[in-house]
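Quick notes on the structure that follows.
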Amino acid sequence: MAQTEVAQAPGTLATFGLGSCVGVTAWDPVSKVGGLAHIMLPDSTQARSKDNVAKFADTAMPDLINRLERIGGVRRRLVIKIAGGAKMFDLFNDDRFAIGRRNVEAVKQSLEKLNLRVAAEDTGGNFGRTLFFDLDTGKVIVRTIEHGEKLL
Amino acid sequence: MEFTQAEMDVLKEVGTIGSGNAATVLASMLGQRIPITVPEARFLPLSEVVTALGGPEREVVGILLGVSGPAPGTIIFLLGIEDAQILSQKLLGAPPEVPGQLSEMEKSALSEVTNILSGGYLNALSQFTSLTFEPTPPAFAHDMAGALIDAVLAEVGLVSDYALFIETNFTADQDGLSGHFFLIPSPDGLERILQALGVRRTWENSSKI
């Protein structure tokens, strides 16, 4: 949670139990480097404590791309996939728990500023997700408890 | 945010009384005594919270309440799916309709237990602080532990990289039934609570835990 990892194939990156958080994978099919960011909040400018850049969509996206470029990724080749951003609890009139949707929007906006676009997504709903990101193929498996598995 | 040992002790004491209140009501509902473990007040980095709960993919039932008032926060009662069914069975006096799945009746029984536990804690906190705490109706979820927790922590995460958990564990008889009850004050709410408890001093005097 609130972490970013980058690595080169072969290997798998994973993040477990995403709720309102959003997992973002970025993969360069030529150099076979990939990164996985697990963001928790949309916007660092509203936060009092912003030491952890991986926590916020607006700071985690540039950080993810920079780190990939440092290990041989090329920005224009990156394939981006996102998953998560669920609303786990349906609390009446409580906007605090609509954070999932705002996270998804913020990730897309931050990517747009970097001239990147989302190629595939599995977002929203009211269930948790676990992601496995294969650095050889760029494929992302989304695992859930009651909604089966999905391949992105 | 920094805490003194005295502050942690007071929070723990509030927790003990609150869980005592709750256990008494729960015992009369279940017709048996519920031993409670000494509550813990734990101050954890956000990244370690889920690990402390048994891992992000553990299948759990979570019942969540928002707390509004001058010291807002969140309450979440978490228990494994098997424990959830044992507890609802005790409350309803009927075996689970579908093992591994909860019926509407079972969900509402568990939500009621959460209301009772929350009432016990919030009453204790009110008595100590003279603040009012207003819980929202409970919301129910059955999913991965990590997924349930991260929505709760998102709110805390805006302000701090740490969360304070006032945790109580319940165990009942030979079934080894256990549940984890967490009161998670918002950082501002926590400040208010500590001030009202009369243990918050200036930052310079507090030693870091």
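The values are calculated or read from the model by the stated rules, or taken from the named source; none is laboratory data. Note that the structure is predicted; figures quoted are calculated from it, not measured. A quick note on method: Cβ atoms are made from the backbone with ideal geometry, for glycine too, and the neighbour counts reach across all protein chains shown. Ligands, DNA and RNA are stripped out before the accessible areas are found, and what is left, the full protein with its side chains, is counted by its heavy atoms. Shrake-Rupley method; radii C 1.70, N 1.55, O 1.52, S 1.80 Å.
Helix A:99-113 and the longest principal axis of the Cα set of chain A meet at an angle near 30°.
Excluding same-chain neighbours fewer than eight residues apart, the lysines reachable from A:LYS32 by a Cα-Cα span under 20 Å are A:LYS81, A:LYS139. The mean number of partner chain beta-carbon atoms within 10 angstrom of a residue's beta-carbon across peptide A:17-25 is 6. Round to the nearest 10 and give me the degree value, 0 to 90, for the angle of helix A:57-70's Cα axis relative to the longest principal axis of chain A. Once rounded, the angle reads 10 degrees.
In this simple spin-label approximation, A:SER49 and A:ARG101 carry label points 7 Å from Cα along the Cα→Cβ vector, and these lie 2.9 nm apart. A:ARG129 contributes about 0 Å² of solvent-accessible surface, heavy atoms of the protein only, 1.4 Å probe.
Residue separation of B:ASP188 and B:ASN123 scaled by 0.36 nm, minus their Cα-Cα distance, works out to 21.4 nm of gained length.
Placing R0 at 25 angstrom, the Cβ-Cβ distance between B:LEU92 and A:ASN126 gives a FRET efficiency of 0.50 after rounding to 0.05. Rounded to whole Å, the principal axis extents of the Cα atoms in chain A read 48, 37, 22, largest first.
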